Amino acid sequence: MGRIAQRQIVGMTLSAEHTESNAPSRRAVLTAAWTVPVVALAAAAPHAAASGDTRPYVAQTELWWERDNNRGHFEARVSDPPGPEIFAEYITFDDDSISVSNLFYEIDQEFFFFDFGSSAADPPYEFIMYITLPGYQPFQVEVVAIW
């Protein structure tokens with residue numbers, strides 16, 4: 001199984017309360033590296049943060065892409081719940097072989113997640129994911145699989 005990395009296309013400044021670390025010990029991290037499936041966690045930034053866009057945004061909480069197994073997973077929260085109802089057509093990729101499955105939106109319309117995969121015989125190593133919820137800032141992230 002390959003490992004993944006993620007590169008964010010846009011950045012975000014976090015407040016002090018969000019930058020405090022409750023990081024596990026080195027031993028726990030080394031143990032987890034051998035026993036836990038490939039997962040990348042990141043705080044996603046609103047696409048238009050630098051422009052002063054004050055619309056609500058999507059905040060990524062989990063993202064992983066296992067290219068060798070042709071499966072990925074994305075989780076996020078909206079900044080101003082309840083958010084709009086989410087449909088698969090709001091989630092697109094720059095690679096037409098990637099598509100969404102198992103889209104779930106929590107009843108309070110704050111949290112959502114979905115799985116994704118490729119229809120290509122040879123899935124891509126990297127692609128860009130876009131989420132465009134009505135009334136929310138556009139979101140995008142580059143997903144990169146590393147073996």
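The values are calculated or read from the model by the stated rules, or taken from the named source; none is laboratory data. This one's a predicted model, so the numbers in the text were calculated from it and none came from an experiment. For neighbour counting, all protein chains shown are included, and Cβ atoms are generated from backbone atoms with ideal geometry for every residue, glycine included.
Out of the residues in segment 45-76 that are closer than 19 Å to TYR136 by Cβ, polar (S, T, N, Q) and surrounded by fewer than 17 Cβ atoms within 10 Å (Cβ to Cβ), which is modelled with the lowest pLDDT? Here the answer is SER51. I'm trying to understand the selection: among the residues of segment 91-107, which are charged (D, E, K, R) and either in contact with a Ser or Thr (Cβ under 6 Å, 6 or more places away or on another chain) or at pLDDT 95 or above (or both)? Within segment 91-107, ASP94, ASP95, ASP96 qualify. When ASP115, ASP94 are screened for being within 13 Å of the chain's Cα centre (by Cα) and charged (D, E, K, R), only ASP115 passes. Counting the residues of segment 98-147 that are in contact (Cβ under 8 Å) with a residue 60 or more places away in the chain, under 17 Å from ASN69 (Cβ atoms) and part of a strand (DSSP E or B) gives 4.
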